[in-house]
Amino acid sequence: MKIEIFTDAQTVAEEAAKLIASEARSAVAERGRFVFAVSGGHTPWVMLKALAKEDVPWDKVHLAQIDERVAPAGDPDRNLTHLRESLLENAPLPPNQIYAMPVESSDLENGAKEYAKVLEKIAGVPPVFDLVHLGLGPDGHTASLVPGDPVLQVSDAEVGVTGVYQGRRRMTLTYPMLNRARRVLWLMTGKDKVEMLKRLTKADPTIPAGRINQERALVFADREAAGEA
């Protein structure tokens, strides 16, 4: 795992956008498409707005979700709502190349299976993302892989459903799916990440984030998250 430290959250977001754009161009040159997935959060939305200004072969980009809260369409709790506002309204990404998790389904477990089939169509069997973007919670969670949830034990599915966490159930990519990614990009900003970033860099298996493959991982952190401010 490599760590790069930047002055502030804005710079983290902008540098992440540049990296994703570079990865997109390389993937399209090598494999004809760029398939990536993003998590939610304020800094990622800034990152996606910055990405919209970069040189990206948008017609060959396919964007999936890392996780999503079970909430109605358009709800401010939904990552998809902010993803559309930050990226779709600013970049010429074909709307049908954003793949929303079916959290409005009456059968969430079946919805997770259907989303796994969608991933196979865009990323192969088994599906492999060119890049996944992850964040790190103060409790050590990443994606919606949260401490103590049975979803942490899922090893035979690409997509799982959690119990209630911070008031919402979630749909999330699982460890097998995340750990096949060609590149993992972590974004970390703010003082509340200092302790968990230290544990992540040690691959601490007692926090969910510590079980993510570090071989192809890159951390972009601001000085606060790195404990330098």
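The values are calculated or read from the model by the stated rules, or taken from the named source; none is laboratory data. Please read these numbers as outputs of a predicted model, since none were measured by experiment. A quick note on method: Cβ atoms are made from the backbone with ideal geometry, for glycine too, and the neighbour counts reach across all protein chains shown.
Test each condition in (1) at pLDDT 95 or above; (2) assigned to a helix (DSSP H, G or I); (3) among the hydrophobic types (A, V, I, L, M, F, W, C); (4) within 23 Å of Leu145 (Cα to Cα) for Val12 and report the one that comes out false.
Looking at each condition in turn, Val12 falls short on (4).
Looking only at residues in region 184-193 that are in contact (Cβ under 8 Å) with a residue 60 or more places away in the chain and under 11 Å from the mean Cα position of the chain (by Cα), which one is surrounded by the most Cβ atoms within 10 Å (Cβ to Cβ)?
Leu187
Kindly provide the set of residues from region 26-41 that are in contact (Cβ under 8 Å) with a residue 24 or more places away in the chain, of a type outside the set (Gly, Ala, Ser) and out of contact with any strand residue (DSSP E or B) (no Cβ under 8 Å at 6 or more places or on another chain), ordered by number.
Residues of region 26-41 in contact (Cβ under 8 Å) with a residue 24 or more places away in the chain: 27-28, 31-41.
So of that shortlist, the ones also of a type outside the set (Gly, Ala, Ser) come out as 28, 31, 33-36, 38.
The one that is in contact (Cβ under 8 Å) with a residue 24 or more places away in the chain, of a type outside the set (Gly, Ala, Ser) and out of contact with any strand residue (DSSP E or B) (no Cβ under 8 Å at 6 or more places or on another chain): Arg31.
Which is farther than 20 Å from Phe129 by Cβ and among the charged types (D, E, K, R), of Glu54, Glu114, Glu89?
Of Glu54, Glu114, Glu89, the one residue that is farther than 20 Å from Phe129 by Cβ and among the charged types (D, E, K, R) is Glu89.
I'm checking my understanding of the structure. Among residues of region 1-17 that are loosely packed, with under 15 Cβ neighbours inside 10 Å and more than 15 Å from Val184 (Cα to Cα), which one is farthest from the chain's Cα centre (by Cα)?
Taking region 1-17 as the starting set, the residues that turn out to be loosely packed, with under 15 Cβ neighbours inside 10 Å are 2, 4, 7-8.
Then keep just the ones that are more than 15 Å from Val184 (Cα to Cα); that gives 7-8.
On the way: Thr7: 22, Asp8: 20 Å.
Only one residue fits best here, namely Thr7.
For region 22-42, what are the residues that are within 17 Å of the chain's Cα centre (by Cα) and surrounded by fewer than 20 Cβ atoms within 10 Å (Cβ to Cβ)?
Applying the first criterion (within 17 Å of the chain's Cα centre (by Cα)) to region 22-42 yields 23-24, 34-42.
Scanning region 22-42 gives Glu23, Gly41, His42.
Which condition breaks for Asp8 when tested against (1) touching a Lys or Arg at 6+ places or on another chain (Cβ under 8 Å); (2) under 23 Å from Glu215 (Cβ atoms)?
All conditions pass for Asp8, except number (2).
Condition first: of a type in the set (A, V, I, L, M), touching a strand residue (DSSP E or B) at 6+ places or on another chain (Cβ under 6 Å) and part of a loop (DSSP other than H, G, I, E, B). Can you find one or more residues in region 97-115 that meet it?
Looking for residues that are of a type in the set (A, V, I, L, M), touching a strand residue (DSSP E or B) at 6+ places or on another chain (Cβ under 6 Å) and part of a loop (DSSP other than H, G, I, E, B), one finds at least one in region 97-115, hence yes.
With the requirement that a residue be basic (Lys, Arg) and under 17 Å from Leu131 (Cβ atoms), what does region 160-204 give you?
Answer for region 160-204, where residues must be basic (Lys, Arg) and under 17 Å from Leu131 (Cβ atoms): Arg180, Arg182, Arg183.
Looking at Asp139, Asp130, Asp149 in this structure, which one is out of contact with any Cys (no Cβ under 6 Å at 6 or more places or on another chain), at negative phi and surrounded by fewer than 17 Cβ atoms within 10 Å (Cβ to Cβ)?
Unique residue meeting the criteria: Asp139.
Say whether the condition of being at pLDDT 95 or above and assigned to a helix (DSSP H, G or I) is met by at least one residue in region 62-84.
No, that holds for no residue.
When the residues of region 85-96 are filtered to those that are part of a helix (DSSP H, G or I) and over 16 Å from the mean Cα position of the chain (by Cα), which remaining residue is nearest to Ser144 (Cα to Cα)?
Checking each candidate, the answer is Glu85.
Go through region 116-136 and count every residue that is part of a loop (DSSP other than H, G, I, E, B) and under 24 Å from Pro72 (Cα atoms).
Residues that pass the stated criteria total 1.
Filter region 42-61 down to the residues that are hydrophobic (A, V, I, L, M, F, W, C) and either part of a helix (DSSP H, G or I) or touching a strand residue (DSSP E or B) at 6+ places or on another chain (Cβ under 7 Å) (or both) and list them by number.
Of everything in region 42-61, those that are hydrophobic (A, V, I, L, M, F, W, C) and either part of a helix (DSSP H, G or I) or touching a strand residue (DSSP E or B) at 6+ places or on another chain (Cβ under 7 Å) (or both) turn out to be Trp45, Val46, Met47, Leu48, Ala50, Leu51, Trp58, Val61.
Go through Val103, Val38 for me and flag whichever is under 24 Å from Val151 (Cα atoms), modelled with pLDDT of 95 or more and touching an Asp or Glu at 6+ places or on another chain (Cβ under 9 Å).
Working: Val38 fails: touching an Asp or Glu at 6+ places or on another chain (Cβ under 9 Å).
None of the other options fit; the residue is Val103.
Taking region 155-172 as the search range and keeping residues that are in contact with a strand residue (DSSP E or B) (Cβ under 9 Å, 6 or more places away or on another chain) and polar (S, T, N, Q), which one is surrounded by the most Cβ atoms within 10 Å (Cβ to Cβ)?
If we take residues in region 155-172 being in contact with a strand residue (DSSP E or B) (Cβ under 9 Å, 6 or more places away or on another chain) and polar (S, T, N, Q), then Thr172 is surrounded by the most Cβ atoms within 10 Å (Cβ to Cβ).
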